[in-house]
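*Asks:* Okay, here's the structure, questions in a sec.
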Amino acid sequence: MTTPRRGWLHHIAMPRLHEILPPRPRILFVGINPGLRSWEIGHHFAGKGNPFWRLLFASGLTPVELTALEDARLADFDLGLTNLCPRHTRTAAELSREEMKLGIARLGRLIIRLQPRTVAFVGLSIYQRYFGHKLSGGAGAKKEQIGSARVFVLPNPSGLNASFPGFEHKLRWFKALARIAH
């Protein structure tokens, strides 16, 4: 038996990370791109310690607490989920300008086709990139619309996001989204 070459894992087929796109969702959550763990197991927000699923439940956006492995069930609650860029990276800073430009164009077409009531950007930086803003005032409801969809910005729940420390602080914004997207 031979020893696998360094980097052999990249040659194994990994589960594909699927978008969750019900027709006319109440909320379409938009992440910037999949992290390594999410890509590895084929489920969204799968990073250890990422509280996205707990935040959805604690805010009342879902009636049950889901796990990353149950991400497809978001459609049961009239919620959708996609990413601006499909390529997985350790950090979003690894994405090229061209990937971002293509992702912005694709996302705009997707939103117009799906007609969600609210688009919730999961992270301030994705909102800023989508609209070309340098300053944006932080999380919360925004004045812009995409088609007929309202725009809301959530803090990125990733543990890499130090600008919104703590579950309770992030929960405040998920609850605000739940209030406007009843």
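We did not get these values from a lab; they are worked out from the coordinates using the rules stated. Quick caveat: nothing in here was measured; it's all calculated off a predicted structure. Counting neighbours? That spans all protein chains shown, and the Cβs are built from the backbone with ideal geometry, glycine included.
*Asks:* Can you tell me which residues in the stretch 126-139 are within 23 Å of Arg172 (Cα to Cα), in contact with a helix residue (DSSP H, G or I) (Cβ under 7 Å, 6 or more places away or on another chain) and surrounded by 17 or more Cβ atoms within 10 Å (Cβ to Cβ)?
*Replies:* Ala139
*Asks:* Of the conditions (1) within 20 Å of Pro51 (Cα to Cα); (2) among the charged types (D, E, K, R); (3) surrounded by 16 or more Cβ atoms within 10 Å (Cβ to Cβ), Arg73 fails just one. Which one is it?
*Replies:* (3)
*Asks:* Restricting attention to the stretch 120-143, and to residues there that are part of a loop (DSSP other than H, G, I, E, B) and among the aliphatic types (A, V, I, L, M), which single residue is farthest from Glu98 (Cα to Cα)?
*Replies:* Among residues in the stretch 120-143 that are part of a loop (DSSP other than H, G, I, E, B) and among the aliphatic types (A, V, I, L, M), the one farthest from Glu98 (Cα to Cα) is Ala139.
*Asks:* Do we have Arg113 as closer than 22 Å to Ser158 by Cα and surrounded by fewer than 14 Cβ atoms within 10 Å (Cβ to Cβ) here?
*Replies:* Answer is no for this residue.
*Asks:* Now a separate question. Could you please find all residues in the stretch 15-60 being surrounded by fewer than 22 Cβ atoms within 10 Å (Cβ to Cβ), in contact with a strand residue (DSSP E or B) (Cβ under 9 Å, 6 or more places away or on another chain) and closer than 14 Å to Ala178 by Cβ?
*Replies:* Across the stretch 15-60, the qualifying residue is only Arg26.
*Asks:* Give the residue, chosen from Gly108, Gly80, that is part of a strand (DSSP E or B) and either under 15 Å from Val30 (Cα atoms) or touching a Pro at 6+ places or on another chain (Cβ under 9 Å) (or both).
*Replies:* Checking each option against the conditions leaves just Gly80.
*Asks:* To continue, here is another question. Residues of the stretch 35-61 being among the aromatic types (Phe, Trp, Tyr) and part of a loop (DSSP other than H, G, I, E, B), which ones?
*Replies:* Of everything in the stretch 35-61, just one residue is among the aromatic types (Phe, Trp, Tyr) and part of a loop (DSSP other than H, G, I, E, B), namely Phe45.
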